[in-house]
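The values are calculated or read from the model by the stated rules, or taken from the named source; none is laboratory data. Note that the structure is a prediction, hence the values are computed from the model and not measured. The accessibility values were calculated without ligands, DNA or RNA, using every heavy atom of the protein model including side chains. Shrake-Rupley method; radii C 1.70, N 1.55, O 1.52, S 1.80 Å.
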Amino acid sequence: MATLLRSKLSNVATTVSHKSQAKMSGMFARMGFQAATDEEAVGFAHCDDLDMEHRQGLQMDILKSEGSEEGGEPPLEGDIHYQRDGTGPLPPSGSKEACSELSGQGKPKITAWEAGWNVTNAIQGMFVLGLPYAILHGGYLGLFLIIFAAVVCCYTGKILIACLYEENEDGEIVRVRDSYVDIANACCAPRFPTLGGRIVNVAQIIELVMTCILYVVVSGNLMYNSFPNLPVSQKSWSIIATAVLLPCAFLKNLKAVSKFSLLCTLAHFVINILVIAYCLSRARDWAWDKVKFYIDVKKFPISIGIIVFSYTSQIFLPSLEGNMQNPKEFHCMMNWTHIAACILKGLFALVAYLTWADETKEVITDNLPSTIRAVVNIFLVAKALLSYPLPFFAAVEVLERSLFQDGNRAFFPNCYGGDGRLKSWGLTLRCALVVFTLLMAIYVPHFALLMGLTGSLTGAGLCFLLPSLFHLKLLWRKLLWHHVFFDVAIFVIGGICSVSGFIHSLEGLIEAFRTNAED
């Protein structure tokens, strides 16, 4: 009787907590905070909310099978409380569908406009500051690639969502998968049912960690160029930035930092407008003759990676589409967001390059006059530091889920104790990840090279190669000939660009690493 009473009281407390969180989520949804709320890595922050039901569903299935083997007592009816490490009682059904239904209660759906706002945040982030540098080495072909990448990423986003659906026995199109990982696993089944998911997770972790490194690099670079007269090197500024970011290792959720996302994004749009306004004020001096029709063979492949990286959003689109009030509006939303991104990115890159021509730097704000540069760069540094926790926490979630919390399939012991608290050695690993991003930023402080490498490796893979391959594998019998042609063409072109950009970016990074090591 006492056990039953404690169970009911626990349920009441959990219900009240869920209701309060639902009210807060609804408020943030109306303000534009629903789903992804940051730029490049914003979609991966769904590991905390949108992907939670997938993670918990897997834990419930594993625990149910373990409980049945041991012959344990069934949970009390109605007791759906569980802890993060999965040690709590199971729901009555113990199925993923039941867990998803329970976790979806009270979670507000988002409109097409709110979904578009999140996609815009993902593809219009602060890394567009590197696009003028891509025009420097690509000329008009660089502008063409900005348009081409928008068209291709819009198309691959749509076909990726199409892979979530299948036709049932009644001829109805139903959603049978929930995430990018589910799609990858379905393509590799039945021989290797988890291989595809592991590949996607590795690509996801690489992109998230590289994004964190880029935030540290850009913070050190901006501060150094804002105060060149101070006896502080770029490496020292990066160390200072990392010291500020070290508390990220103690994060339990993203509620504390998500409140700043909208403000950061709006501030970034204001900064872009200021840069464009300054460039327009010097329109009479624009160097149209400097825009080339030929390319720099050695450095242009790096520009490809920069452009592709600025459009990465595919990894979180399944979660976003699943949380829309009307999923049928997804295609229309993808169209206008990528058209707007294409126009804004093209104009920003061209106008900035015309203003500074051959003097264009890796981060375009470094070209601004010192009086304006310091103010703009300080705002950008603040935005970078506030954006860092999102990809960092998402990377930690993926690592913990894959290596420490995957039931009997985990490679290492659970990093959480029985009370759901993070163990000391787990906290040490989080701190080590922060320090790793610092070391990479110190030894390879090259924004364009790192951005090009990431875009060529994981960006092209997640945005070009895998969606087209999965589309052909899962739906090839129902595809029209032009869809097959587009998928094959995107896979081939994306593969060539990815390999070329990766090789050139890697060569540049190795050379930079050797130079820094000698110094």
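Once C-alpha pairs closer than 8 Å and six or more residues apart are averaged by separation and normalised to the residue number of segment 115-518, the relative contact order reads 33 percent. State in Å² the accessible area per residue of segment 115-518; use a 1.4 Å probe, count heavy atoms of protein chains only, and round to the nearest integer. On a per-residue basis, 44 Å². Here segment 115-518 has 69 percent of its accessible surface on carbon and sulfur atoms, given a 1.4 Å probe and all protein chains in place. Here is the tail figure for segment 115-518: Cα pairs spaced more than 42 Å apart come to 12 percent of all pairs.
3J(HN,Hα) along segment 375-384, derived from phi through the Karplus expression 6.51 cos²θ - 1.76 cosθ + 1.60 where θ = phi - 60°, amounts to 5, 4, 5, 5, 5, 5, 5, 4, 5, 5 Hz, with x in place of Gly and Pro. Among the listed pairs 328/473; 158/328; 290/361, those with a Cα-Cα distance over 19 Å are 328/473. Close amide H pairs (under 5 Å, H built 1.01 Å from N) link residue 324 with 110, residues at least 5 positions away or on another chain. Between the amide H of residue 192 and any residue lying 5 or more places away or on another chain, no distance stays under 5 Å, with hydrogens modeled in the peptide plane.
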